[in-house]
Amino acid sequence: MATLALPRFKAPDLGAVLKSPAVGLAAAALLFVVAVIALVHLLSPVGAGPDHVRIPLDQSMRAAPAGWREALRPGGRQPHVYKDVVRLSERPLAPGAAAPYNGGPGMAPLPSMAGQSLPVAPIAGFYAPGPGGPLPIIAQDGRTPAEVYARPFKSNGRPKVALVIGGLGLNARATRQAIETLRPEVTLSFVVYAEGLQGWIDMARARGHEVLLETPMEPVDYPDNDPGPYTLMADGQPPETVKKLEWILSRATGYFGLTNYLGSKFLATDTAYNAFASSVKGRGLAFIDDGSAARRGGGMARATAERVIDDKLSGPAIDQQLMALEGGALQRGQALGSGFAYPITLEKVASWANEVEQRGYQLAPASALTTKK
């Protein structure tokens, strides 16, 4: 019986195939595509569509010098504290375009802030045109921007605790999380170089948060630690300090005061600090520092944070600092803390702020802890 002879196929040499230039090129292309897809998913908000909506810069940005954008990017010199935030920097969302923040468990947005919103800025009589935009001024009746832009507060006699959360405006997700999930009594502090800054401030005030602007100041390790092109320098002449400060103040409206970003050298220099304080006082603003200027006055509304709650980035460490803040309020009647917009900080502060009053304290905006000195 005749048999049908089938052709015999020889298995290809796998090593030779893998060494083929064509195969290597295809594999590299596939790996690149997978990496791009993974990166897009990583940077996209969980459970929401794309939120990289561009909005135009306000007019004051046209007066910015060369180099301010580079100060926000990993390729340029920038404050080391902001590296993690800058690395995932996003464009702010246009007002009204943002879907509610939908982060992890326990981080849902607060209920509607009906009745909590602060007046829309600017308020007539509290600003005047400046070289780069509107500048805050004291009204003719003597009222100050520090008073009208602060969150209203009435003491109930309990120990007051307040928190300032800073580093906002560079990362859309972190900024929205702070605005939408933190109690309105928590004061929010914004990076002056942030694009769309006025939109963020408007959004924060609409949710009831009073606002501070972060003023970059020279640290002792400058220029290794460089806060950007508008850093107030310790050896700067008073007119130069005032000119830089006016650009900072013209970036937006609606803030009740300033806070320092870095500044260990600047704040320790009498001539530099006096020029700064004189200008801030003359415009009716408050100044709240992170503890670096505890012994400084200036005749303006002042407050100093007694502790940074997230020096150690762990949940238990932050909880411990918040408990210590409560202890300080119990001893002295009030206590102010500060923190940065790290995810773990925002989560811990949101939970703490919702419970602290049940323990006999009153959650207060930072402005309520200021005194003139």
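If you go through segment 335-373 and keep only what is acidic (Asp, Glu) and more than 21 Å from the chain's Cα centre (by Cα), you end up with Glu355, Glu357.
Residues in segment 222-237 that are touching a residue at least 40 places away in the same chain (Cβ under 8 Å), surrounded by fewer than 20 Cβ atoms within 10 Å (Cβ to Cβ) and not charged (D, E, K, R) were compared, and the one that is nearest to Gly339 (Cα to Cα) is Asn225.
Only residues that are part of a loop (DSSP other than H, G, I, E, B) and touching a Phe, Trp or Tyr at 6+ places or on another chain (Cβ under 9 Å) were counted across segment 223-243, and they come to 8. Considering only residues in segment 261-304 that are free of Cβ contacts under 8 Å to residues at least 60 places away in the same chain and in a strand (DSSP E or B), the one that is surrounded by the fewest Cβ atoms within 10 Å (Cβ to Cβ) turns out to be Thr304.
Can you tell me which residue in segment 301-315 is nearest to Gln334 (Cα to Cα), limited to those that are in contact with a helix residue (DSSP H, G or I) (Cβ under 8 Å, 6 or more places away or on another chain) and not hydrophobic (A, V, I, L, M, F, W, C)? Break it down stepwise before answering.
Step one: filter segment 301-315 for residues in contact with a helix residue (DSSP H, G or I) (Cβ under 8 Å, 6 or more places away or on another chain), giving 301, 303, 306-315.
Now drop any that are not not hydrophobic (A, V, I, L, M, F, W, C), which leaves 306-307, 310-312, 314-315.
Working: Glu306: 10, Arg307: 13, Asp310: 20, Asp311: 21, Lys312: 23, Ser314: 25, Gly315: 24 Å.
The residue in question is Glu306.
For Gly327, state whether it is small (Gly, Ala, Ser), touching a residue at least 12 places away in the same chain (Cβ under 8 Å) and exposed (fewer than 14 other Cβ atoms within 10 Å of the Cβ). I'd like the intermediate steps shown before the answer.
Numbers: small (Gly, Ala, Ser): yes; touching a residue at least 12 places away in the same chain (Cβ under 8 Å): no; exposed (fewer than 14 other Cβ atoms within 10 Å of the Cβ): yes.
Criteria not met by Gly327.
For segment 138-189, what are the residues that are hydroxyl-bearing (Ser, Thr, Tyr) and within 13 Å of Val211 (Cβ to Cβ)? Outline the logic, then answer.
We begin by selecting, within segment 138-189, every residue hydroxyl-bearing (Ser, Thr, Tyr); these are 144, 149, 155, 175, 181, 187, 189.
Answer for segment 138-189, where residues must be hydroxyl-bearing (Ser, Thr, Tyr) and within 13 Å of Val211 (Cβ to Cβ): Tyr149, Thr175, Thr187, Ser189.
Evaluate the following for Glu246: is it in a helix (DSSP H, G or I) and touching a residue at least 60 places away in the same chain (Cβ under 8 Å)?
Spelling it out, Glu246 is indeed in a helix (DSSP H, G or I) and touching a residue at least 60 places away in the same chain (Cβ under 8 Å).
Laboratory data are not the source of any read-out in this text; all were calculated from the coordinates shown. Note that the coordinates shown come from a computational prediction; the quantities given were computed from them, not determined experimentally. Heads up, the Cβs are rebuilt from the backbone with ideal geometry, glycines too, and the neighbour counts pull from every protein chain shown.
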